[in-house]
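Enquirer: Submitted below is the structure of interest, expressed as structure tokens.
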Amino acid sequence: MNKFFVATPTYYINDKPHIGHAYSTFVADVIARYYRQQGKAVLFSTGVDENAQKTVNAAEAAGEDTAVYTKEMSKLWESTWKRAGIDYDVFTRTTSAKHKKAVYELIKRVEASGDLYKDTYEGFYCVGCEAFIKEKELVDGLCPTHQKKPEWIKEENYFFRLSKYQKPLLDYIDQHPGFIQPKARHNEVVSFIKQGLQDFSVSRSTQKWGITWPGDNKQVVYVWFDALANYLTAADFPDESYKKLWPVDLHIVGKDIIRFHCVYWPAILLSAGIELPKTVFAHGFFTIDGQKISKSLGNAVDPVDLAGDFGVDALRNYLIAEIPFGEDGEFSHKRFEAVYNSNLANSLGNLVQRVAVLATKHLDGKIGRLPKTSVNSDNYDKAFSEIKLTLALEEVWKYVHKLNLFLQEKQPWEVVKTDRNKFEAIIGQSVADLLEIASLLEPFLPETSEKIKKTFANSKVHVEVGLLFPK
Ligand code: MSP
């Protein structure tokens, strides 16, 4: 198939973006850039999840009108991704009219399958999770994820017949072994489903903020039901053209929201007769300098600010290279600086600089015809096809180190004194390999890649591009 649809979750706007959110977004950006390079029609969607109770609470705490607050915060999220160089195709706001249309059509189809009914819900609701929570899941009466006491609610709601989809879901997962990745998450979801699925409430009658339930203005659509539909909105559902990009090829989510994406969402899609996503990949959770990320600790800083003078490419490199994709990770300021100096500045920055200076000094900046590159991208492509991003990036670094060794061994700065042709051949080979390295780096470090390409554009050296990684 010549298309690739990759999606991040839609982020809650009760808070500002931090490194945890940035991680989901960077990863999706890397993947989108890779498939664009491969010539696929890519849809990279992201956005904001605005219809939550926590939006109302946050607006209240800020002393603002909910709609005004929502608009401001959505702008902030969008501008953060722009500042971070995220090249998304669609940014969905769940308060938009376009999204409401998709949600209504989805509800219509689920209803037509006989999967909605009215009943009374009585139980706990955790605003942090924006989810109903069972008593047995509480630890000392608190939600284990948010360490907060859930609210006890009793209301008449519309329910979705999730129980009906227990077997179809298990069958689907069984027939599509790559659906939930990594394997540990797959196992987690399978055992959750096997414990038995219960119908769940898909509307709220006590919440006023949200999408009005079609034909019942006393209820709003439950925020997760609404939020998950954003993926359809991004593809222009219900316009028939959505099928050009549907289904989602890859959902990037954090491990905390896997149940929603691997159980609720596919069940809703089965009910609506809409094709299921190909893969849901759950990444791990982050800490900063050993601490949980939280507002109160003051470490929930803007990701672009966190990158600081080192730049966003350095942050992208750190996150992908240092944290095996799929596992929990740690952002350490010390390690970030160390990786910047050793890999980026010394190995790659100096390499580009060295080749550019030699060519300028001895060839007047003219490189001539380039030979075939010695860089082979087979392992890199294989790693991408298996969503092993850390491995794919490692492969690029392997070639950077190899090229450094090549120069050390060939000593062009000595060769130039005696053999000009040989010198030209060494520089030609180095430039050909650097350009190929730049192209492999593009999904990961787009700015750096661009600078390398500019440094050696049109078979000439452009020293004016400057250092890649100033110290
Ligand atoms: N709004 C829901 C998602 C709806 S998708 C239809 C939501 N939003 S969120 O803003 O709380 O989180 C969005 C993403 O950020 C999730 O993938 C989550 O795992 C990720 N992260 C938030 N904090 C994180 C860390 N500390 N570390 C890694 N990722 C984390 O859930």
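The values are calculated or read from the model by the stated rules, or taken from the named source; none is laboratory data. Please read these numbers as outputs of a predicted model, since none were measured by experiment. Because the Cβ atoms are built from the backbone with ideal geometry, glycine has one as well, and the counts that use them run over all protein chains shown. Accessible surface areas use protein heavy atoms only, side chains included; no ligands, DNA or RNA. Shrake-Rupley method; radii C 1.70, N 1.55, O 1.52, S 1.80 Å.
Enquirer: Evaluate the range 376-386: report whether one residue or more is within 25 Å of Phe325 (Cα to Cα), in contact with a Gly (Cβ under 9 Å, 6 or more places away or on another chain) and open to solvent by less than 50 Å² (accessible area, probe 1.4 Å).
Expert: Taking every residue of the range 376-386 in turn, none turns out to be within 25 Å of Phe325 (Cα to Cα), in contact with a Gly (Cβ under 9 Å, 6 or more places away or on another chain) and open to solvent by less than 50 Å² (accessible area, probe 1.4 Å).
Enquirer: Which one of these is part of a helix (DSSP H, G or I), touching a residue at least 12 places away in the same chain (Cβ under 8 Å) and in contact with a Ser or Thr (Cβ under 8 Å, 6 or more places away or on another chain): Leu403, Leu393?
Expert: Leu403
Enquirer: Select from the range 20-68 the residues that are among the hydroxyl-bearing types (Ser, Thr, Tyr) and free of Cβ contacts under 8 Å to residues at least 60 places away in the same chain and write down the one among them that is least open to solvent (accessible area, probe 1.4 Å).
Expert: Thr46
Enquirer: Further question on the same structure: Take the residues in the range 18-49 that are in contact with a Leu (Cβ under 9 Å, 6 or more places away or on another chain) and near the ligand (Cβ under 8 Å from one of its atoms), then tell me which one is nearest to Glu78 (Cα to Cα).
Expert: This residue is His18.
Enquirer: Got at least one residue in the range 358-371 being open to solvent by less than 30 Å² (accessible area, probe 1.4 Å), under 30 Å from Phe310 (Cα atoms) and part of a helix (DSSP H, G or I)?
Expert: yes
Enquirer: So Gly114 clears everything in (1) surrounded by 14 or more Cβ atoms within 10 Å (Cβ to Cβ); (2) of a type in the set (Gly, Ala, Ser); (3) over 30 Å from Asp65 (Cα atoms) except one condition, right? Which one?
Expert: Status for Gly114: all satisfied but (1).
Enquirer: Any chance you could count how many residues in the range 416-441 are surrounded by 18 or more Cβ atoms within 10 Å (Cβ to Cβ) and assigned to a helix (DSSP H, G or I)?
Expert: 17
Enquirer: Of all the residues that make up the range 144-172, how many are touching a residue at least 40 places away in the same chain (Cβ under 8 Å) and assigned to a helix (DSSP H, G or I)?
Expert: Final tally of qualifying residues: 6.
Enquirer: Go through (1) touching a helix residue (DSSP H, G or I) at 6+ places or on another chain (Cβ under 7 Å); (2) part of a helix (DSSP H, G or I) one by one and return the number of the condition Asp236 breaks.
Expert: Evaluating Asp236 over (1) touching a helix residue (DSSP H, G or I) at 6+ places or on another chain (Cβ under 7 Å); (2) part of a helix (DSSP H, G or I) leaves (2) as the failure.
Enquirer: Take the range 215-255 and flag every residue that is more than 19 Å from Phe4 (Cα to Cα), in contact with a Phe, Trp or Tyr (Cβ under 7 Å, 6 or more places away or on another chain) and either within 9 Å of the ligand (Cβ to nearest atom) or open to solvent by 20 Å² or more (accessible area, probe 1.4 Å) (or both).
Expert: Trp224, Gly254, Lys255
Enquirer: If you don't mind, another one. Just a yes or no: is a residue in the range 400-409 open to solvent by 80 Å² or more (accessible area, probe 1.4 Å), touching a strand residue (DSSP E or B) at 6+ places or on another chain (Cβ under 7 Å) and not assigned by TED's automatic domain parsing to the domain that holds Tyr34?
Expert: Looking through the range 400-409, none of the residues is open to solvent by 80 Å² or more (accessible area, probe 1.4 Å), touching a strand residue (DSSP E or B) at 6+ places or on another chain (Cβ under 7 Å) and not assigned by TED's automatic domain parsing to the domain that holds Tyr34.
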